[in-house]
Amino acid sequence: MSEEIIKSVAELQSHYGPPGDLAVDKEMTSLDAHCRRFIELSPFVVIATAAADGAADASPRGDAPGFVQILDDKHLLIPDRAGNNRLDSLKNLVENPNIGLLFFVPGMNETLRLNGTALLTTDPKLLEPMSVNRKPPRTALLVTVDQVFLQCAKALIRSKLWAAGSQIKRNSFPSLDKILSDQVDGVSQSEADHLIEESQRIRMY
């Protein structure tokens with residue numbers, strides 16, 4: 001392993017130089033009209049959490065645009081829809097309430113970064129309005145905003161994430177049922193396919 005490893009924040013900042021004024025000044029501590037609208041349009045957010053020991057996790061959440069509810073300029077509500085019950089993000093938040101969110105809007109190269117804290121709520125008054133097919137989420141994340149800003153478009157421009165020409169041919173990468181049958185002892189591809197199909201058909205919400 002290379003010995004040329006950065007070992008301090010001071011060394012890191014010296015290596016890169018200071019951030020531009022705009023990169024610092026754009027940071028806000030609450031949601032303005034533009035941030036609110038971005039969240040309303042977003043069908044997809046990545047949630048970053050860390051356990052008490054610092055072990056990190058990033059997890060996707062997606063639903064129809066508007067699934068993340070804006071309660072006021074400092075608070076969001078994110079439903080936890082049916083999943084695999086690993087509960088990685090939720091267990092982390094019970095131990096350590098710090099949370100990072102990265103919102104995407106299809107067709108937009110900018111993203112919205114939000115950092116704050118989150119609590120898990122089971123309050124029916126908050127969960128019932130988030131029902132889909134008459135099924136409320138089991139819990140929701142009540143997020144308090146500490147820091148929020150729009151991230152510039154460079155990463156998505158470089159990646160061409162939304163460009164049709166960037167989409168791979170689906171048969172160029174194995175299907176999930178094939179991958180699971182290779183990775184999990186004792187699970188056949190047909191069994192994995194059945195479990196995936198059943199989950200997507202009856203346990204979406």
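The values are calculated or read from the model by the stated rules, or taken from the named source; none is laboratory data. Because the structure is predicted, anything quoted here is derived from the model rather than measured. No Cβ is skipped: glycine too gets one built from the backbone with ideal geometry, and neighbour counts run over all protein chains shown. Heavy atoms of the whole protein, side chains included, go into the accessibility calculation; ligands, DNA and RNA do not. Shrake-Rupley method; radii C 1.70, N 1.55, O 1.52, S 1.80 Å.
Which residues, counting only those in region 188-204, are in a loop (DSSP other than H, G, I, E, B) and open to solvent by 80 Å² or more (accessible area, probe 1.4 Å)?
The initial filter retains those residues of region 188-204 that are in a loop (DSSP other than H, G, I, E, B), namely 188, 203-204.
Passing the criteria: Arg203, Met204.
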Give me the pairs: first residue in region 171-197 and on the phi < 0 side of the Ramachandran plot and without any contact (Cβ under 8 Å) to a residue 60 or more places away in the chain, second residue of a type in the set (Lys, Arg) and surrounded by 13 or more Cβ atoms within 10 Å (Cβ to Cβ), beta-carbon distance under 6 Å, and six or more apart or on different chains, which are they? Gln189/Lys178
Count of residues meeting criterion [surrounded by 12 or more Cβ atoms within 10 Å (Cβ to Cβ), polar (S, T, N, Q) and within 19 Å of Gly107 (Cα to Cα)] in region 139-170: 1
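Go through region 1-22 residue by residue and tally those that are in a loop (DSSP other than H, G, I, E, B), within 29 Å of the chain's Cα centre (by Cα) and not hydroxyl-bearing (Ser, Thr, Tyr).
At the first step, the residues of region 1-22 found to be in a loop (DSSP other than H, G, I, E, B) are 1-8, 17-20.
The next check asks that each one be within 29 Å of the chain's Cα centre (by Cα); those that pass are 6-8, 18-20.
Pick out the ones that are also not hydroxyl-bearing (Ser, Thr, Tyr) and you get 6-7, 18-20.
Summing the residues that are in a loop (DSSP other than H, G, I, E, B), within 29 Å of the chain's Cα centre (by Cα) and not hydroxyl-bearing (Ser, Thr, Tyr) in region 1-22 gives 5.
Being closer than 28 Å to Arg201 by Cα, in contact with a helix residue (DSSP H, G or I) (Cβ under 7 Å, 6 or more places away or on another chain) and part of a loop (DSSP other than H, G, I, E, B) is the requirement here; does Gly66 meet it?
Details: closer than 28 Å to Arg201 by Cα: yes; in contact with a helix residue (DSSP H, G or I) (Cβ under 7 Å, 6 or more places away or on another chain): yes; part of a loop (DSSP other than H, G, I, E, B): yes.
Taking the combined requirement at face value, the residue satisfies it.
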Which of the residues belonging to region 44-63 are open to solvent by 30 Å² or more (accessible area, probe 1.4 Å) and either of a type outside the set (D, E, K, R) or in a strand (DSSP E or B) (or both)? Phe44, Val46, Ala48, Ala52, Gly54, Ala55, Ala56, Asp57, Ala58, Pro60, Arg61, Gly62
